Amino acid sequence: MEDLPFRIPTTPAPAPAPTPPDPNQKRRVALASGLSLLWTIFALLAQFSGALDAFEEPFLDWRQALNSYPNQPSPQLALIAIDNIPAEKPWPWSRLDYSLVLRSLIDYAPQSVVFEMNLNDRDTNYTSFDDTFSHIVERANTVVFAATVMTATDSAPPPSKLGSIPYRGDTRLVSRFSSAIWPLTTFAGDSPVGANNLESEAGLRMRRLPLVFMLDQKMIPSLVLQAVTQFLGADLSSSEVQVGRAIFLRRKDGKLLRTVPIDDEGRMRIRYHYGAITSWQAGFDNILVYDDQIQHGIPADHNLHDLAKRQVWIGRTDPGQRERFTTAVGQLSRVEVQLQAERTILNQDYVRPLPPMILAALYLLIGIGGAAALIRLGPFHAGALLVVLSAFWFESSVLAFQLYNVILPLPSFAMLIFGTYAVGLLASYWDLEPETDPRQLPLDL
């Protein structure tokens, strides 16, 4: 032990040589930026052309299904629901039933009444009370009736005095019809009429509602648009439809009341909300009871005086109704879908895409910046940065829709992120060294 040295000499390992900087980094950044620019333009074209709409729709349905910000029931609308069709009283019903209910509503001064169902039966079982119904319709403020437009040529032609809306633009994609099931003139008279056609997607999925139709070379309103027109006091002859852009509802004096965005087919996307559509709703069978209770000073479950200045819709919601539409907030009946659409217009609660110029600027910034960051930071750090950016975009898409109804696209953004990372990797491994010509090699002497 005494012979051992006090300290064992060691030779430190040489430090690893620093990685020399890539002499072609600037060229790689330029290459990555150029490739990313091309990919970003491709992603924008896919977004604006509608090629990714089939992927975007489920995400939009999911955002509408979120109940983080529930909407308050409409104080402007009311629903009298035909929620029960008894076996001893099969559908359709006599006009006597509608006469009695409409007569009960008159004393409470609703702004207008909208019948969602077709009242075109000519059978004596239904028409025997048409005169009574006609007198009550004349006494009411405004009654809006529903028609159904059809392509069959053997159906009844449209009325000779068919009202229409002035329009501009290409109408090739707007639904065209040649005939209609129109309410009988014995009681409809000069009352406003709108088409109650609802054009659903596969599986009765209802995302958009048509607001206008082409009938007999004229553009006519849907029942929803006609109801909105009557409630706001607009005049259809003074209004205008710009196909692919919007419907401009104006009064007779030209004052603009609403600008309703529509697509090339004349459809508006419905902004669905959970919860009750209206703050006043009652069953059809109970209206006469409530009226009788109020007339005798008995407190009623539903105060009919609350209907003053409201627009009252009457339609079927019973479980036996054949058409139950699939929406972002569950199964809805025809009248409930149309009430959601009218509330969208009255509240100006439209679903809006991000303006194209803003979206293009954001995509270009993210695409080019992300590819350049991958060259400078490396694949790992740049990938982490893109993941954080994707999470921020996803959260922003939820908040922007819930707060402002603005759509931040998700499929095209995912396409942009993956493409940006791919072209960045491609540029980082691209061989930028020029090939050496063997004829120019120096000779060993």
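The values are calculated or read from the model by the stated rules, or taken from the named source; none is laboratory data. Keep in mind that what you see is a predicted model, and the values were worked out from it rather than measured. Positions of Cβ are generated from backbone atoms using ideal geometry, with glycine treated the same way; all protein chains shown enter the neighbour counts. Only protein heavy atoms, including side chains, enter the accessible area calculation; ligands, DNA and RNA are left aside. Shrake-Rupley method; radii C 1.70, N 1.55, O 1.52, S 1.80 Å.
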Quarter of the Cα convex hull surface for the stretch 341-407, i.e. its orientation-mean projected area (nm²): 5.1 nm²
Counting only other residues whose beta carbon sits under 14 Å from that of ALA46, what net charge do I get with K and R as +1, D and E as -1? -2
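Give the range of the longest stretch in the chain that excludes all GluC sites (Glu not before Pro) found in loop regions by DSSP and having at most 10 other beta-carbon atoms within 10 Å.
89-434
Take the alpha carbon atoms of the stretch 286-347, find their radius of gyration, then divide it by 2.2 N^0.38 Å using N residues; give the quotient.
Its radius of gyration relative to the 2.2 N^0.38 Å reference: 1.44.
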THR132: net charge of surrounding residues, Cβ under 14 Å, Lys/Arg +1, Asp/Glu -1, itself excluded? -1
Accessible surface of the stretch 286-445, 1.4 Å probe, proportion on carbon and sulfur as whole %: 64 percent
For the stretch 292-445, report the convex hull volume of the alpha-carbon atoms normalised per residue, in Å³, without decimals. 212 Å³
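At a temperature of 10 °C and a viscosity of 1.306 mPa s, determine how fast the chain diffuses translationally according to Stokes-Einstein, using the Kirkwood radius over alpha-carbon pairs as Rh; express D in µm²/s, rounded to the nearest whole number.
Working: Rh = 26.4 Å.
Roughly 60 µm²/s, to the nearest whole number.
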Quick check for you: with a 1.4 Å probe and neighbouring chains kept, what is the accessible area per residue of the stretch 251-358, in Å²? 47 Å²
